[in-house]
1. For Ile164, are the conditions met, namely being modelled with pLDDT of 95 or more, touching a strand residue (DSSP E or B) at 6+ places or on another chain (Cβ under 7 Å) and either over 30 Å from Val234 (Cβ atoms) or open to solvent by less than 60 Å² (accessible area, probe 1.4 Å) (or both)?
2. Among the numbered criteria (1) open to solvent by 10 Å² or more (accessible area, probe 1.4 Å); (2) more than 27 Å from Glu223 (Cα to Cα), which one does His16 miss?
3. Please give the number of the condition Pro183 fails out of (1) surrounded by 17 or more Cβ atoms within 10 Å (Cβ to Cβ); (2) free of Cβ contacts under 8 Å to residues at least 60 places away in the same chain; (3) not aliphatic (A, V, I, L, M); (4) not in a helix (DSSP H, G or I).
4. Can you tell me which of (1) surrounded by fewer than 18 Cβ atoms within 10 Å (Cβ to Cβ); (2) on the phi > 0 side of the Ramachandran plot is the one Glu128 doesn't meet?
5. Any chance you could count how many residues in the range 186-216 are of a type outside the set (A, V, I, L, M, F, W, C), free of Cβ contacts under 8 Å to residues at least 40 places away in the same chain and part of a helix (DSSP H, G or I)?
6. Look at Ala62 and say whether it is in contact with a helix residue (DSSP H, G or I) (Cβ under 8 Å, 6 or more places away or on another chain) and over 26 Å from Pro103 (Cβ atoms).
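The values are calculated or read from the model by the stated rules, or taken from the named source; none is laboratory data. In this text the structure is predicted, and so the values were computed from the model without any measurement. Cβ: placed from backbone, ideal geometry, glycine included. Neighbour counts: every protein chain shown. Areas reflect the complete protein model, heavy atoms only, side chains present, ligands, DNA and RNA absent. Shrake-Rupley method; radii C 1.70, N 1.55, O 1.52, S 1.80 Å.
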Amino acid sequence: MTEQNHPASLQPLKDHDVQRVLCVVAHPDDMEYGTSAAVAAWTDAGIEVTYLLLTRGEAGMAEAPEEVAPLREKEQRRACEIVGVEDLRMLDHPDGMLEYGLPLRRDIARVVRQVRPDLVVTANFEFEAYGGLNQADHRVAGLAVVDAVRDAANPWVFRELGEIEGLEPWQARAILVSGHPQPTHGKQVDQRQAQASVDSLSSHDAYLEHIGDHPEPGQMIPEILRGGGEGLGVEHAVAFRVHAL
């Protein structure tokens, strides 16, 4: 998820020569809270974007997990189609019980080496986020992403990825954290891309219905994007905290 920000000033995100972006989050729908507008802008520009979901979101609804997992995958695939993402990858780490550790870092590092992204995007993993205490999987996911991106560049960490799986080390250019309370950069998006983000969140209709009192995507997402736009001096933007590598 991405929270609304009204930063005083943001730098434009330098992505003119980016070819590939990898987005790594814990659950289906985590990319859809405004960040997917940046994804739509990237795919419009011909940039390849891959989504890696660490869980299938199976513990996020009232129904049994074996019923929820395929439903949430279907909704996520529909969301991906809306913003031009063709490469969706989902791991089978348990929803609600995501554990930080070497297995998770290895799984993420493997995909980093496979995709070879210029930028890696993840969501806010601060302890306090989104108006309250951040969910456990979000905190674990973000920390694991940061460490795994660096692991992927080190040939002596997870040596089996290179020596057995034939995956060469890869150094991403930067990690982008969306929804951070202190963003540094903004990615300008146009009206069509903002609407694509609204539609991508709306595609998770069963999940939103389960929540019940969820804000209307058509009101919530533009408000988030206007907050980023204020910091960048444009109408709409996605705000990120950028960590250069």
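1. no
2. For His16, the failing item is (2).
3. Result: Pro183 fails condition (2) only.
4. (2)
5. 3
6. Yes, satisfied.
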